[in-house]
Amino acid sequence: MLVAGVAAALLLMGSAPAVPSAAPAALRRALHAASVQIDPPGCSGVLAENDQIVVTARHCIDPGVEKLRVRFTNGATRAGWVVATDEAADQAVLFLDDPVHIEPLPIVRRRAIPGTVLYFEGNPSRPRFQSARLDKIGRCPSLPELPNALFTSIAGVPGDSGAPLVDVVAEVVGLVHGGARCHIATPADTLLRLVERVLERDDVRMTRVPARSGPRRSAVSAGHSRHS
């Protein structure tokens, strides 16, 4: 398992500084593989929780748009249907027309704690792997209805919106909201609720999709309905 492999690598590394200069190779590979570019408009996102679920920033989706092109770092492309949005949290869920044989990253279930070490790659079309830090949790002027925005030390640039920030075991802690102007990410708790809402909908059903190797695993498929 990815989490076990990353944890083992950390044990071998011993004590780490507050913001380490390097991350386990397994974490970097997993983050890069699961990261996506959303076209248009060239934002970022990540395969999360399931091999047909991509999450990104809501502001990356123009009003009325129902389908976007999702590009993976291995060259795969999929159509992603907009199936759920959270305006207050600036988060959106895309449902892929076909599964991908890429390991999705889990969304963290733990509460974020200031001082946590984070890792960030940015837009996968021009990856810039960084170690960063969660500085504080609070309100951001551009997210007035969200009480727990994540203030971080990432160095974002245009195109990074929707990119994931992950913890030391490659779990998604947040999604980039502010890009170059504001080192802000939206939190995992609202993101997890949004994804779970999609998976519980009546037009989402469980299917069996062959994995790349080993036993078969579950994925989801859905009718292409409008987002809620």
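Every read-out reported here was derived from the displayed coordinates using simple, explicitly stated rules and does not represent laboratory data. Everything numeric in this text was worked out from a predicted model, so none of it was measured. Don't worry about glycine lacking a Cβ; one is built from the backbone with ideal geometry, like all the others, and counts go over all protein chains shown.
Descriptive notes on the structure:
- Loop GluC sites (Glu not before Pro), segment 77-167 (other Cβ atoms within 10 Å of the site Cβ: 12 or fewer; DSSP): 87, 145
- Net charge in the neighbourhood of residue 57 (other residues with Cβ under 10 Å of its Cβ; Lys, Arg +1, Asp, Glu -1) is -1.
- Shape call, segment 44-187: gyration tensor on alpha carbons, a/c limit 1.5: prolate
- Restricting the trypsin sites (Lys or Arg not before Pro) of segment 53-111 to loop positions (DSSP other than H, G, I, E, B) with no more than 16 neighbouring Cβ atoms within 10 Å leaves 109, 110, 111.
- Relative contact order for segment 13-171: 27 percent, from Cα pairs under 8 Å spaced at least 6 residues apart, divided by residue count.
- Each of 44, 142 was scored by other Cβ atoms within 10 Å of its Cβ. Listed from fewest to most, they are 142, 44.
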